Amino acid sequence: MNGDGEMGLIGDTFDEAFLGRDGDGGFETRSPSDNFDASEEDREAEEPPKKKRYHRHTPRQIQELEAFFKEYPHPDEKQRSELSRKLGLESRQIKFWFQNRRTQMKMQLERHENVMLKQENEKLQIEYNNLRAMDPMCNNCGRVALPGEVSFEQNQLKIENARLREELCRVSSLTSKFFVKPLSQSDNPLSTSSKLALAVGRNEICGLGNVGATMPMPKGLGLGDSILSTSPVVTLMKPEMGVIENEMQVDRSMFVNLALIAMDELIKLAQPDSSLWVKGLNGGNDVLNHLEYTRTFRGCIGIKPTGFVTEATRETDVVIINSLSLVETLMDANRWVEMFPSIIARASTVDVISTGLNGNKNGALQVMHAEFQVLSPLVPIRPIKFLRFCKQYAEGVWAVVDVSVDAGSEGSNLNACRRLPSGYLIQDVGNGCSKVTCVEHSEYDDNYVHQLFQPFVNSGMAFGARRSLVSLQRQCESLAVLVSSDISGEENSGITSGGKKNMIRLAQRMIDNFCNAVCASSVRKWDKLRVGDVSEDVRVLTRKSMNDPGEPAGIVLSAATSVWLPVDRQKLFDFLRDEQLRSEWDILSHGAPMHEMLQIAKSRDGRNCVHLLRAGAIDVDVTEKSMLILQETWHDNSGSMIVYAPVELPSIAEVMNGGDPAYVALLPSGFAILPGFPSGHGGSHNCNGMPGNGNIDDDAVGSFLTVGFQILVNRLPAAKLTLESVQTVNTLIACTIQKIKAALKLA
DNA sequence: GGACTAATCCCCG
DNA sequence: CGGGGATTAGTCC
């Protein structure tokens, strides 16, 4: 029946009480089938004399309850009695269980929040101490320097320092090219044609074994043991029959090989005290030590193509998700995309080479294809085909590594990009949280990145580890907050939890749609328009929308552009999300403030939120004709978003009452804000030629604002696109940016 | 001794 | 009266 063998710790059967629980060996050898729930409960029921007060629900029951809880953290009476019948538990027990589960969830969230606050506090404390420790005297005149002057001079020095460091790396990598023997055919794992024997043999050489020395492991669970006891690491699945079978076998063994090497590299890169990284300036992000890197690894996917630049970042933090769930999410293309909206445009699993051992993801290896995006039309998406390999190192310790395959064959591609070993090292830290180290390492041709964005992308802020990790944190926090707000009964909005869930799903679809329109990923087929009149930094796309109940049918026009504004990101975000100030830029507001009708919080601080707004005076009754706006906002360390779409009252009302959100027609527009500096800005921040440094003191520097509008040009998909409509949308963008600048006094 | 969890107690709308 | 927060009690590590 259920896959999980019953491990002794939860067992509470009658016999076990007499057998004693000390010998843990005894339980593990029991077959799962000789202890199933029905008989167990029967026995329990026949035991009236000493009715044990303490008792735990069986794993099967808990599993079912958990599954149900994921869907409905707040079951009604009917659902509860259904469950009680199905699981053979009293209805009150079900009630208690859910009650307890919800409070537990809430506590986890609170504790997690505490941890985060503490960390932030520590960070600030360190920063403060550093500032205190620095001599605030001005060298020239001896007077106490103003804080601004100090940081300016320091900034100059730091920038200079980074430039020199970078130059050193470049020079040393050049020299090493001449002095180190280049990769020959037989060295390159990609070109090896040996079969499985090699793959398994390689396992012992290439380091999964020697990783143990450097990985901090929980006591009693030496890495060596776990590797040895589970080797061979991967079990190959049978490839499909056919003439190409032999070739595929070779292919697959190459993949296994490459995956193992990549995993070894990831683990080394993820070590906290690794010499592969140098501390960034300002105690900021780690910067890859290219010299050390080329010395340690032999380039598992070959030499960097000429003209490519490198981008490498890593980041570590606590995330409110346990290792197992995170691993499951990463290994499932659909769930992965959902977890990283705005970063992963689409993903699919092309081939599964191994599904893993014993029903879990340990040893799972698959070929995937994904498109990575940054929310700007000026940064091309990165389509990448890669291996994703998952390995469990100990109880609660996992790693998932990606590495490009076929990078060569796509070399001619416009936005060619290679993913060097990148991924996640995940360690449970209790309380449903895990410590996640993210490594993002890639090489790409930055000629296809708009000049404005080159320093930003080079710095690793665009596709780097911080953005991945922060996005993961935000998404996980949202999930936790949603569950816990269900608990605390913040139902004053008058919306049911089902309706709330629907609204969130709808908003999620809205975000996806917006990202697609801005980034032009291949989720939908867009045609690019070239119109003489339109500024070349505005990208205009068009497509026909048909047979999708999720959007209005007709010809859709999408226009998007990005500009840099010398304004604090937070300020820009607060301005754009303020419904009272909306009339200052939004033509949909018809010059009047908007009003909030509904708010569904997705984070504690209220910045990540789904809103329902309404245009028009507040004292006018809401009628079927009222203009409503669905809006989602979020704001985190890596960027912010405000995305909205006009919606019709009847369809929204239906969704809130449990109707399917897939049938609400949406055509979203909105903004994405990214922290950073443009190329060539203001002299002191001219960071051209300062790549590979993920450390930008962001908010002080300014913001990139991406504006994306979608309009329905014609309700008939067959109609012709007119020049006027293109100009309309172009003007709309220009005016909106102008208005925003004016409102923020930047013009 | 703290984390976890099933069950109680008790208050509030 | 039912739900939910606070609390308790039994167990495991």
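The values are calculated or read from the model by the stated rules, or taken from the named source; none is laboratory data. Quantities reported herein were computed from a predicted structural model and do not represent experimental measurements. No Cβ is skipped: glycine too gets one built from the backbone with ideal geometry, and neighbour counts run over all protein chains shown. These accessible areas exclude ligands, DNA and RNA; they are computed on the full protein's heavy atoms, side chains included. Shrake-Rupley method; radii C 1.70, N 1.55, O 1.52, S 1.80 Å.
Residue by residue, what Karplus-based ³J(HN,Hα) values in Hz, rounded to whole numbers, does segment A:600-611 have, using 6.51, -1.76 and 1.60 with θ = phi - 60° and x for Gly and Pro?
The phi angles translate into 10, 6, 10, 9, 5, 7, x, 7, 9, 7, 9, 10 Hz.
For the peptides A:711-718, A:464-471, A:643-650, A:103-110, what is the packing order when you average, over each peptide's residues, the other Cβ atoms within 10 Å and list the highest mean first?
On the way: A:711-718: 14.1, A:464-471: 23.5, A:643-650: 19.8, A:103-110: 16.9.
So the peptides A:711-718, A:464-471, A:643-650, A:103-110, ranked by packing, come out A:464-471, A:643-650, A:103-110, A:711-718.
So for the pair residue A:711, residue A:279, with labels modelled 7 Å out along Cα→Cβ, what separation do we get in nm?
5.4
Using R₀ = 30 Å, calculate the FRET efficiency as 1/(1 + (r/R₀)^6) where r is the Cβ-Cβ separation of residue A:722 and residue A:348; round to 0.05.
Calculated transfer efficiency: 0.25.
Could you give the length gained by full extension between residue A:296 and residue A:271, i.e. 0.36 nm per residue of separation minus their alpha carbon distance, to one decimal place?
Separation in residues times 0.36 nm, less the Cα-Cα distance, equals 7.6 nm.
If you roll a 1.4 angstrom probe over the protein chains with everything in place, what fraction of the accessible area of segment A:278-357 belongs to carbon and sulfur, to the nearest %?
50
Using the heavy atoms of the protein chains and a 1.4 angstrom probe, tell me the accessible area per residue for segment A:60-106 in square angstrom.
Per-residue accessible area for segment A:60-106 comes out at 64 Å².
Taking the simple approach of a point 7 Å from Cα along Cα-to-Cβ for both residue A:592 and residue A:78, what is their distance in nm?
For residue A:592 paired with residue A:78, the spin-label model returns 4.0 nm.
Carbon and sulfur together cover what percent of the accessible area of segment A:508-568 at a 1.4 Å probe radius?
48
Taking the Cβ of residue A:614 as the centre, find all other residues whose Cβ is under 10 Å away and add up their charges (Lys, Arg: +1; Asp, Glu: -1).
-2
Residue A:316 to residue A:129: FRET efficiency via 1/(1 + (r/R0)^6), r the Cβ-Cβ distance, R0 25 Å, to the nearest 0.05?
Using R0 = 25 Å, I get an efficiency of 0.70.
So between residue A:653 and residue A:745, what do we pick up on full extension, going 0.36 nm a residue minus the alpha carbon distance?
That works out to 29.2 nm of additional length.
Which entries in the list A:70/A:95; A:106/A:500; A:501/A:602; A:123/A:435; A:123/A:745 go over 23 Å, if you measure between the two C-alpha atoms of each?
Working: A:70/A:95 15 Å; A:106/A:500 18 Å; A:501/A:602 11 Å; A:123/A:435 17 Å; A:123/A:745 33 Å.
Exceeds cut-off: A:123/A:745.
With each pseudo-label sitting 7 Å past Cα toward Cβ, what's the residue A:508-residue A:358 distance in nm, one decimal?
3.1
Peptides A:371-380, A:726-735: what's the order by average Cβ count within 10 Å, highest mean first? Working shown, then result.
Details: A:371-380: 24.6, A:726-735: 17.3.
Sorting A:371-380, A:726-735 by mean packing, highest first, produces A:371-380, A:726-735.
Contour minus end-to-end for residue A:406 and residue A:99, with contour as 0.36 nm per residue of separation and end-to-end as the Cα-Cα distance?
My answer for the length gained is 105.4 nm.
Label segment A:303-436 by shape, choosing from rounded, prolate and oblate, from the square roots a ≥ b ≥ c of the eigenvalues of the Cα gyration tensor; if a/c is under 1.5 it is rounded, and otherwise prolate applies when a/b is larger than b/c, oblate when it is not.
Judged from the Cα gyration tensor, segment A:303-436 comes out prolate (a/c at least 1.5, a/b above b/c).
What are the ³J(HN,Hα) values, in whole Hz, obtained from phi via the Karplus relation 6.51 cos²θ - 1.76 cosθ + 1.60 with θ = phi - 60°, for each residue of segment A:260-267 in sequence order, with x given for Gly and Pro?
Listing the rounded values in order: 5, 5, 5, 5, 4, 5, 4, 4 Hz.
Once the cut-off is 17 Å, how many percent of the Cα-Cα pairs in segment A:584-677 end up in the long-distance tail?
I get 56 percent for the Cα pairs in segment A:584-677 exceeding 17 Å.
Using a 1.4 Å probe, what is the accessible area per residue for segment A:316-428, in Å²?
29
Given H placed 1.01 Å from N in the peptide plane, which residues other than close sequence neighbours of residue A:289 have an amide H under 5 Å from its amide H?
Excluding prolines and chain starts, which carry no amide H, the hits are A:277, A:278.
With θ taken as phi - 60° and the coefficients 6.51, -1.76 and 1.60, list the Karplus ³J(HN,Hα) couplings across segment A:575-581 in order, rounded to whole Hz; mark glycine and proline as x.
Working through the residues one at a time gives 5, 6, 8, 7, 5, 5, 9 Hz.
When the gyration tensor of segment A:60-106 is built from Cα positions, what are the square roots of 5 times its three eigenvalues, in whole Å, from largest to smallest?
Output for segment A:60-106: semi-axes of 15, 11, 10 Å.
For segment A:60-106, give the percent of accessible area contributed by carbon and sulfur heavy atoms, probe 1.4 Å, rounded to a whole number. Write down the numbers at each step before the final one.
Working: 1390 of 2990 Å².
Ligands and nucleic acids excluded, carbon and sulfur reach 47 percent.
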